[in-house]
Structure formats: structure tokens, C-alpha cells
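Worksheet for the structure shown next.
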Amino acid sequence: MFRRINRTLPLHLMLLPGLALILVYSYGPMTGLWIAFENYVPSKGIFHSPFVGLDNFKYVWDMPDTAQVLTNTVVIALFKIVLSLVFPILLALLLNEVRIKFVKRGVQTLIYVPYFFSWVLLSGILIDILSPSEGIVNKLIQSVGMKPVFFLGDPAWFRFTIVVSDLWKESGFHTIVFLAAITSVDPTLYEASIIDGANRWKQTRHVTLPAMMPIIVLVATLSLGNVLNAGFDQIFNLYSPQVYSTGDIIDTMVYRIGMIDTQYGVATAVGLFKSLVSCLFIGISYFLAYRLVNYRIF
Amino acid sequence: MPGDKSIGRYTFNAFNYAFLLGFALLCIFPVINTWAMSLSNKSAAAAGVVGFWPVDFTFDSYRFVFIRRQFFEAFFISVERVALGAAVNLLLTVLIAYPLSKGTSEFKSRTLYAWIFVTTILLNGGLIPWYMTIKETGLLDSIWALILPGAVPVFNCILLLNFFRGLPKALEEAAFIDGANHWTTMWRIFVPLSKPALATIALFTIVGHWNSWFDGLILMNSPNHYPLQSYLQTVVVNPTSAFSTIDPAQVKFLSEISDRTVKAAQIFMASVPMLLLYPFLQKYFMAGIVLGSVKE
């Protein structure tokens, strides 16, 4: 017994610092979720603030904007999930058809440049180039005789702008993932299909795509967990009160209720709701990924 | 290849090349445009004639930013954050991945520990309790507020853990027979053999720390303590003018520069470190993807 403890003692010790940090900074906030059931007063602290049961949840439920915010979140998130699957697959398939080496490599190199930029920098750039009065995009639109579009200030355009700019930032990364799957396809499969008379399109449909299926299914299922993540970093830096009707999402609402209006209890209640629903979806997504493509995180 | 010479093939190729090159251009154009804008004169910028190349070349936007110190103070806070943060993250990643890479026969508590870590991927406390916890632990306004709460990158631990498991078991056994203990095995065998994996994780950690802005924004009470991206969030994204506070030394630049060119200069300078890292990112990018898919 003593011998065994002695042998594994270093292993326990190695885990200790990480464990301590995660207990404080990940599990600490989880216990802090109790605030959701309180009328939290900072001077009284979490243990002495008055308990109010489900009042905070009821308050949010009765707020006029709640349904709209939930709709915005899910609509934006679903568009992002679907398009950031379809478009990168398309890009990867098209890149795979490129026979000139340096074109292929050059395109591959350039398309994930935006991926490594923060949304702060990209938003700074987008705000400039999409400006209705001075932005280069609207200058182009006007030069062909159309009216300037207020991409970031018009509620009718805001979601479009968000989804497309997200696609612009993230597609490169996902394309490389899919391209990696394509390059690992056994070349003899192509040779066999050519002998059977398959043209490029048929090779793509019957060899390349089926070979990519596991990774496509994996990416698709794992992205399910993001169904309530419409992208705080992006929207926070691009939205404004004019576009709350189509662009305000759960995370930005929590930020405003909590950090600006300091209604901690209410903001935590919304956060708890989001956390629980997300947890459910992440659980489902890992389960599906495990069942469908035998994916295990470790 | 058969079919490669048909008319359909030619048309497809033409469209394909045009589309891909167009998209690649679209990805890089905003960066080039920002660079060109930062070196252009204010009237050229306002006229919207700046595309790929500076118009009426001037360095004044950069001179203006250089005089202002705030930008560089924030820049160095970010450098400090990246150095400290990446070091802490990497150390903890190794320390967590090594014990968890052991089998349950060797390390019985492994499963329990693994679940404690993985649960944090599934559940989190949300914004307010997170903020309260950091406040309660007295980190507000200190650089450690940007490092300790995110010091355990669970996903990276899992990546490295899977990599460790892929290493030949015989090496470890040989080391133990030679009298090595867990610590020496970890540092002398596992870490040196995992250099490519560690480099990948290090690069992504650096990018992550460099790009973080929200934590700085709400955890630092005084703007003097903002890291670069938080500082830029307040000047580039929010509609505050760069000229709201101006000292006499800067007045002489006003004929040449505008809000727009100054913002562009700051955005471009903030992206320079990423652009310098880009060749390395590229090199390890594929490695990272392969690493992510290494499973037993």
C-alpha cells in the first residue's frame, strides 16, 4: 500500500498546481452560480444576500427583449454552423483541383491570415471598409450606381454582415482541416475509379467526399455545442443600439445587464440558463461524435 | 489525366482559379489596405482612393502614435502577458498531461482527475461569477488576472496527453529500469520527444494571449494597465476620437493625419507580431491539426 502511494505520489504532485487553479477559477465560478437565485448585493456577499428563488429567471422571462435575443442568438449561430461547414468543404474541394503547385500553396497561405487576427483588429478594419460614407466597399457599390449599404447600422443587414465576416475569418482554418483529410486519401482509389471510367466530378463524389465523411461528421457534430454561441467577441465589437433588434445576443445581453447595469443576479440567471443548455448540447455532440465516428477526446 | 483537356475542364479551371484567387485576395486585402491607409495622407484617406498602395505617402500617423506612449505601454504589457502567460500555460500543460497519460493500472486516480478537468469544458459559471471569483481572489488590476484564471488550457492538455500516449512505451520502461523517477522521465524523455507538439501548443498559446482583449477590458480598473488589444478596443472600435486628448507636441501632425489613418497605423502595428509569427504558425499549423487527430 505504502509502496503504491509512493510510486504515484509524484503524479499527484504534478497535478496539484493545475488542480488548485482549476478548482478556484473554474469550479469557483460554478458555485458562484448561486447568485442566480439571489438578489445579490456586493456588500453582503454571496452568503448573506437575500435568497429570491426563481425571481431573477421570471424577471428575464418577462423582459420584452428576451425572445428576440434568443432568436437572434440561435439564428446567427445556426447560420454560422452550417456555412462554416459547407463553404470550407467547397473551398477544400476546389483547392484540391488546383494543379499549379504555387497557386495552391499561395491560396492556402493567404486564406487563413484573418484567422490569427483578433476580432478587435478585424472589427477596426471592418468598421473602416464598411463605412457607408467613406468605406471602400460602399465606394465600389456607389460606383456601379447603387445606394450605399449601412452594413453595421441597418438591422436588415447586420446578421448578414456578421455571418459573412465570420466566414471570412474562420473559413481558412477549416479549409486546411478538410484539405488535410483530402490529402490522406489513398491514391490507388483514384486510379481504380479512373479505370472504371470516372471523370473528375465522379471521382470527387465517389472517392473524395466519402473519404472526407468522418471528419465532416466530426466537425458537424462538435459544432452543435455552439448553438448558443453566436460569437461574443465579434458582435460586441461590431454592434450598436440601432441593430439590437437583429444583432443582440445572449452574451452581449448578459454583459450589459451584469457589467453595465450591475444587476448581478439577473445576469447570472441568464448565464446559468445558457450554461445548462450549452452543456446539454455539448454532451449530445460528444455522444454523437462518439457513436458516429468513434471520436473520444482522450 | 483523362478528361483534363476537355472544354468543360478548361472552363471549370478558369472559374476555379478566378474564384480561389479572388477569395485569397479578399482575405489579405483588408490587411494591405490598412497598411496603405496608415501611410497615406488624410485627404487621400478621406477621398477613399487608398487601395493597395499608400497615396501621398507620410509617416506622420506613426509619428503621432509614437509620441503618445499609451500605445507602447499597452504593447509592453501585452508582451509581458504573452511571456508570462505562455510560460505558465506550457508548464501546467506538461504537468497535467504527463500524469493523465498514464494508464489506470499505473495511476488509479487518473479517471477521477481527468473528469475534474474535462468537466470544465462542459460547464462554466458564466461572466458574472467568473468576474466575482477573480475579484475575490484579489487579482483585479494585476497582470496575474490575465494569466491565472486561464492558466489551465484543458484542450491543450488533452492534445499533449494524446501525443504522450503515442510515444513508445519501451522508452519509459527503460528509463525506469535505469533508476529514473517520474520527474526525470517527464523532463528528460517526454518533453524532449514532444518538441513539435509543444511548439505547436506554444504558438497557439502565444496567439491566444496576444489576441485576448475582453479580460483586460473588464479586469483592469485603470486603462494604464490595459494590454494592447484592450487598449485598441477602446480607441479603434469605440467611436472615441484619437484626438480627444492631444498634447501640443502632436498638433503639428494634424494637417497630414486623421482619425482614420491613426487608427490604421495602430491596427497595423498591433498585427505586426502576428505577421512575424506567421511563417512559424504555418509550419506548425498542419502539425497541430495532425496532433488534434492523433487518437488511439
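The values are calculated or read from the model by the stated rules, or taken from the named source; none is laboratory data. Here the structure is a predicted model, which is why all the values come from computation and not from measurement. FYI the Cβ positions are ideal-geometry reconstructions off the backbone, even for glycines, and counts take in every protein chain you see.
Numbers at a glance
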read-out	value
Flag for A:Pro88 being more than 7 Å from every other protein chain (Cβ to nearest Cβ), in contact (Cβ under 8 Å) with a residue 12 or more places away in the chain and assigned to a loop (DSSP other than H, G, I, E, B)	no
Residue satisfying condition, being within 7 Å of chain A (Cβ to nearest Cβ) and among the polar types (S, T, N, Q), within set B:Thr119, B:Thr133, B:Thr111	B:Thr133
Residues of the range A:167-188 that turn out to be in contact with a Ser or Thr (Cβ under 7 Å, 6 or more places away or on another chain) and away from chain B (no Cβ under 13 Å), as a count	1
Helices (runs of 4 or more DSSP H) fully within the range A:213-297 counting 3 or more residues that are not polar (S, T, N, Q)	A:232-238, A:250-255, A:264-293
Cβ-Cβ under 8 Å pairs, at least 6 apart or on other chains, the range B:9-25 side closer than 18 Å to A:Arg200 by Cβ, far side assigned to a helix (DSSP H, G or I) and of a type in the set (Asp, Glu)	B:Phe12/A:Glu97; B:Asn13/A:Glu97; B:Asn16/A:Glu97
Complete set of residues in the range A:36-64 that are in a loop (DSSP other than H, G, I, E, B) and more than 12 Å from chain B (Cβ to nearest Cβ)	A:Asn39, A:Val41, A:Ser43, A:Lys44, A:Pro50, A:Val52, A:Gly53, A:Leu54, A:Met63, A:Pro64
Filter pass, B:Val50 being in the same structural domain as B:Ala270 (by TED's automatic domain parsing) and not in a helix (DSSP H, G or I)	yes
Residue in the range B:57-101 that is nearest to B:Thr111 (Cα to Cα), counting only those that are out of contact with any helix residue (DSSP H, G or I) (no Cβ under 6 Å at 6 or more places or on another chain) and of a type in the set (Gly, Ala, Ser)	B:Ala87
Qualifying position, being facing chain B (nearest Cβ under 7 Å) and either closer than 20 Å to B:Met186 by Cβ or at pLDDT below 90 (or both), among A:Leu21, A:Leu16, A:Leu33, A:Leu9	A:Leu21
Criterion: small (Gly, Ala, Ser), surrounded by fewer than 22 Cβ atoms within 10 Å (Cβ to Cβ), touching a residue at least 12 places away in the same chain (Cβ under 8 Å) and in a helix (DSSP H, G or I) - qualifying residue of A:Ala67, A:Ala77	A:Ala77
Of residues in the range B:27-59 being within 7 Å of chain A (Cβ to nearest Cβ) and under 23 Å from the mean Cα position of the chain (by Cα), the one farthest from B:Met269 (Cα to Cα)	B:Cys27
Filter result for B:Ile177 (surrounded by 14 or more Cβ atoms within 10 Å (Cβ to Cβ), out of contact with any Leu (no Cβ under 6 Å at 6 or more places or on another chain) and more than 13 Å from every other protein chain (Cβ to nearest Cβ))	no
Failed criterion for B:Gly138 (all others in (1) surrounded by 14 or more Cβ atoms within 10 Å (Cβ to Cβ); (2) outside any helix (DSSP H, G or I) hold)	(1)
The listed residue being within 30 Å of B:Leu161 (Cα to Cα) and under 20 Å from the mean Cα position of the chain (by Cα), out of B:Ala97, B:Ala74, B:Ala86	B:Ala86
Options B:Gly125, B:Gly103: the member that is within 13 Å of another protein chain (Cβ to nearest Cβ), free of Cβ contacts under 8 Å to residues at least 24 places away in the same chain, assigned to a loop (DSSP other than H, G, I, E, B) and closer than 30 Å to A:Tyr40 by Cα	B:Gly125
Qualifying residue in the range B:144-157 (condition: buried (at least 22 other Cβ atoms within 10 Å of the Cβ) and polar (S, T, N, Q))	yes
